[in-house]
Amino acid sequence: MNPSPLEPGDAVSPGPLRSTRHARRRAVPLAIVLASVLGISVGAVALRGQTPVEEATVASGHDVVVEVASVDTDLLPFADAWNRVDDAERPFVVTVLGDSTGNEQGEWVDRAFRTLAEELDRPLVEHPYDLTTARYGTEITSNTDADGAPLIVWNGSASGKTAAYSLANYDTLVPVQPDVVILNHGLNNVRNPDAVGGEFSDILTRTEQSWPRSVGYAAILENPRFDDWADAHTAVLERVGTWLEDRPFVLGIDAHGAYLARSDVSSLLTVDLLHPSPAGSQVTADTVLNAIARASTGDEDDAPADRTAATGGDSSTDDSDLTP
């Protein structure tokens, strides 16, 4: 959770105030989250300084033009892209575009893919994004004695940012063709919940410009927050749920529901009531891996009941950084 200077539109929590919302929250399965928001009409939303994607054809930096309508139809289902991982002789590339809930070692991205690399007998190569330099830093390797081709993770998580930042820095954050892109944004959209769906669509559109119908997509319903922005975050989750309902080819991963299903939910967040604790990071990692396992097999019951993290390191927490 690297602290970063605030930008217009970043979510700022007023302070680490304990909330009574813990007692009232209940687990909400992904299907219920999606159903609860049916009928909500999300209009055209413009990113800062940009034309709404629903109203324009977007041109890439490579002289390729893709009609925006292609974002919502006939994209590659997540499972079709993910199952390339079964070819152990072929490198498999994952790009994560997200916020500070996954930007550090010991947080969910690192935990999930260390575990997966060991399960698949693949070396892991992680590329962590450095927000201060706006570049990827030195690669981090693990499981180097594995026999398979590498599992390569471009972790483009940036503290305090929304998917609009990921789009603005797309060429840096997505330097090579990914097999799958995982969107882990939303907690920083609390000042403008209506923007999140358009921002997600912009990322898909930009990716399709370069690699049409070749990439699988997943989006995470992020962990709950119990600070003064909790209600606004609920609104964000509703928008993400609607966006997922309209795009069945995108894998929805309900980390939010996984947290609320736990009796110890308060222990899954740090004192700011926003960032995951080490235990919370493990819940997110497990939820991601289990959702992927179910999607890849097509069997809702075919997922490991328990997973052990390959790393037990603590996440660093800076209480002055109140944006994920």
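A short reminder: the numbers here are calculations on the coordinates, not readings from a lab. Keep in mind that what you see is a predicted model, and the values were worked out from it rather than measured. Here Cβ is always computed from backbone atoms with ideal geometry, including for glycine, and neighbour counts include all displayed protein chains.
Tabulated values for the structure
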item	result
Hz values of 3J(HN,Hα) by residue in the stretch 166-178 - Karplus curve (6.51, -1.76, 1.60), Gly and Pro given as x	4, 5, 4, 10, 4, 4, 7, 6, 10, x, 9, 5, x
Ordering of 147-156, 115-124, 132-141 by packing [mean C-beta count within 10 Å, highest first]	147-156, 115-124, 132-141
Length gained when the stretch ASP194-THR172 is fully extended (0.36 nm per residue, less Cα-Cα span)	5.3 nm
GluC sites (Glu not before Pro) restricted to the stretch 71-108 and DSSP loop, no more than 10 other C-beta within 10 Å	GLU89
Stretchable slack from THR133 to ALA79, in nm (0.36 nm times residue separation minus alpha-carbon distance)	16.0 nm
